[in-house]
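Some notes on the structure that comes next.
The values are calculated or read from the model by the stated rules, or taken from the named source; none is laboratory data. The structure displayed is predicted, hence computed values, not measured ones. With ideal geometry, Cβ positions are generated from the backbone for all residues, glycine too; neighbour counts draw on all protein chains shown. To get the accessible areas, we keep the full protein, side chains included, count just its heavy atoms, and leave off ligands, DNA and RNA. Shrake-Rupley method; radii C 1.70, N 1.55, O 1.52, S 1.80 Å.
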Amino acid sequence: MCGILAVLGCSDTSLAKRSRIIELSRRLRHRGPDWSGLHCYEDCYLAHQRLAIVDPASGDQPLYNEDKTIVVTVNGEIYNHKELRAKLKNHQFRTGSDCEVIAHLYEEYGEDFVDLLDGMFSFVLLDTRDKSFIAARDAIGITPLYVGWGLDGSTWFASEMKALSDDCERFMSFLPGHIYSSKNGGMRRWYNPPWFSEHIPSTPYDALFLREAFENAVIKRLMTDVPFGVLLSGGLDSSLVAAVASRHLSEVKSATQWGSRLHTFCVGLKGSPDLKAAREVADYLGTIHHEFHFTVQEGIDALEEVIYHIETYDVTTIRASTPMFLMSRKIKSLGVKMVLSGEGSDEIFGGYLYFHKAPNKEEFHQETCRKIKALHLYDCLRANKSTSAWGLEARVPFLDKNFINISMDIDPEWKMIRPGRIEKWVLRNAFDDDQKPYLPKHILYRQKEQFSDGVGYSWIDGLKDHANDHVSDAMMMHANYVYPENTPTTKEAYYYRTIFEKFFPKNAARLTVPGGPSVACSTAKAVEWDAAWLKNLDPSGRAALGVHAAAYEEVQEKIGGVEDSSSMNGFSQKLQEDAMVATAAPTAV
């Protein structure tokens with residue numbers, strides 16, 4: 001990942017202003033430690049901090065068209081850049097950078113080229129011929145982008161809030177799948193897939209078609225000129241990413257540079273579920289596996305730094321970001337600059353455990369749509385900023401545009417969790433190949449484990465205990481006066497909020513963070529699916545009472561219908577057994 005900062009229409013064009021832009025751009029250097037660039041044109045500044053992944057030798061930014069009248073600063077990867085270059089035969093390219101096509105596409109098609117890009121990206125483009133500019137963000141919001149406005153009439157764009165929050169009167173998260181045009185005076189959505197309307201699809205499930213789409217999504221993300229690997233938790237999603245990458249690695253250019261044996265990485269407390277499962281998957285796939293341990297205290301000690309980097313006070317995001325932040329530092333120390341990760345699958349296929357309670361296929365599908373639309377505020381933010389804090393790039397194959405379209409076009413009846421059909425069955429079944437197995441059966445049908453839980457259950461318990469020691473009952477009584485927007489309802493949430501406010505005290509910063517009730521990562525709407533959840537609002541997967549094998553015991557004892565933890569574990573064991581039986585059923589193709 002790179003860091004971009006653009007300031008357009010400044011009233012001050014002095015050397016002091018240039019120095020200020022350089023100073024603010026430095027706040028993003030963790031995202032791109034390899035090189036810094038700045039282009040100034042009259043009252044416009046485009047700055048860039050580069051993480052060199054493709055064409056490290058000549059791809060420094062900002063990038064230009066042939067006569068340098070078009071200037072662009074980009075954070076991201078354009079996976080289909082070679083195909084796009086082939087369409088731009090009348091254009092001359094200066095570098096091998098995948099992002100250079102953006103300047104030439106604009107020259108060729110004007111503002112309506114963004115949908116041609118297959119990748120993850122945030123960019124700002126300045127047309128010096130008429131001093132117009134555009135900014136755009138990828139379809140789902142894999143890469144972060146903020147927009148702000150100065151009192152002098154200037155417009156600001158930055159990869160992270162910290163680069164513009166001090167100098168803008170107002171700022172906000174730039175909406176995914178949107179383009180901002182100075183000519184049209186505002187923002188419009190360029191990404192308009194069929195699923196966005198939340199209309200219920202009716203296409204039959206085709207397992208092989210789904211498998212092929214995902215394999216293609218993984219293969220295209222192996223485009224790199226630097227060492228890379230896969231984040232492997234041992235859960236279904238990361239294991240499938242590792243299995244596909246390992247299977248096809250020898251076919252891509254990067255294998256000749258870095259070897260055909262995949263590197264995998266896992267983090268957790270000693271004895272955690274993820275460490276054990278990841279080791280088993282790594283042994284099965286024959287990867288070079290790196291296992292990192294952290295303690296609860298080490299995680300707590302990192303909290304302030306984590307919140308500064310991820311720029312949120314959302315509880316579940318902070319819980320999951322901290323181990324990912326610690327792991328990213330270790331990975332970067334090994335010389336690795338890019339990793340593949342498994343974010344997005346649970347939103348697309350209804351993999352969170354609360355989906356067990358979806359009342360019908362219509363509500364199931366609508367909830368998946370809501371979850372995908374909100375990814376930029378949660379898992380995409382976590383995956384990007386936790387890794388970028390150490391100059392590491394995370395790529396997410398499940399959020400491939402084509403794969404999402406195919407997956408979201410499946411009749412949601414196939415995704416519904418039924419007796420004998422575990423969550424994400426359509427995905428598990430697609431990779432259940434007896435002739436050439438991708439994964440061992442028990443891994444392929446392992447119950448969903450949220451990352452913040454899988455690194456070790458005592459991690460979340462330790463965070464709660466720490467917050468209880470630092471936030472008093474009196475502080476909680478006055479929480480709605482101190483924090484009237486998104487008032488924290490738990491001591492843990494209050495503790496994170498105090499840290500966030502120290503770094504980002506403006507009201508505009510508070511408003512970039514979503515709120516509302518949640519259970520096991522649900523939206524507020526899905527909380528209505530089970531009345532018992534209203535008594536147990538917690539984003540951990542263990543809050544999915546009646547579903548998770550290690551659900552919170554103290555709550556189970558209080559809520560009728562779940563008598564004790566042994567009956568809970570029995571229920572979960574039955575789900576696992578049913579899932580294994582389902583593997584014997586005919587595959588729908």
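Can you tell me which residues in segment 312-322 are farther than 23 Å from PRO505 by Cβ and of a type outside the set (Ser, Thr, Tyr)? If you could, list the steps in order and put the result at the bottom.
Initially, segment 312-322 is screened for residues farther than 23 Å from PRO505 by Cβ, giving 316, 319-320.
Passing the criteria: ARG319, ALA320.
Looking across PHE349, PHE325, one residue alone is touching a Ser or Thr at 6+ places or on another chain (Cβ under 9 Å), farther than 30 Å from PHE504 by Cβ and among the aromatic types (Phe, Trp, Tyr). It is PHE349. Checked against the criterion of being basic (Lys, Arg), open to solvent by 10 Å² or more (accessible area, probe 1.4 Å), within 26 Å of SER272 (Cβ to Cβ) and part of a helix (DSSP H, G or I), the candidates ARG319, ARG329 yield just one match: ARG329. For segment 67-91, a residue qualifies if it is in contact with a Phe, Trp or Tyr (Cβ under 8 Å, 6 or more places away or on another chain) and acidic (Asp, Glu), and exactly one does: GLU77.
Among the residues of segment 332-358, the one identified as in a loop (DSSP other than H, G, I, E, B), among the charged types (D, E, K, R) and over 19 Å from ILE140 (Cβ atoms) is LYS337.
Taking the criterion of being open to solvent by less than 10 Å² (accessible area, probe 1.4 Å) and at pLDDT 80 or above, the residues of segment 523-536 that qualify are ALA526, VAL527.
In segment 141-168, which residue that is of a type in the set (A, V, I, L, M) and open to solvent by 10 Å² or more (accessible area, probe 1.4 Å) is farthest from GLU343 (Cα to Cα)? It comes out as LEU151. Restricting attention to segment 358-407, the residues that are within 12 Å of the chain's Cα centre (by Cα), open to solvent by 10 Å² or more (accessible area, probe 1.4 Å) and among the acidic types (Asp, Glu) add up to 1.
Out of curiosity, is PHE196 farther than 30 Å from GLU305 by Cα, surrounded by fewer than 23 Cβ atoms within 10 Å (Cβ to Cβ) and free of Cβ contacts under 8 Å to residues at least 24 places away in the same chain? For PHE196, the condition - farther than 30 Å from GLU305 by Cα, surrounded by fewer than 23 Cβ atoms within 10 Å (Cβ to Cβ) and free of Cβ contacts under 8 Å to residues at least 24 places away in the same chain - is not met.
Restricting segment 218-241 to residues that are hydroxyl-bearing (Ser, Thr, Tyr) and under 18 Å from the mean Cα position of the chain (by Cα) leaves a set whose member that is farthest from LEU399 (Cα to Cα) is SER233. Which one of the conditions (1) closer than 26 Å to ASN429 by Cα; (2) at pLDDT below 95 does LEU240 fail to meet, given that it meets all the rest? For LEU240, the exception is condition (2).
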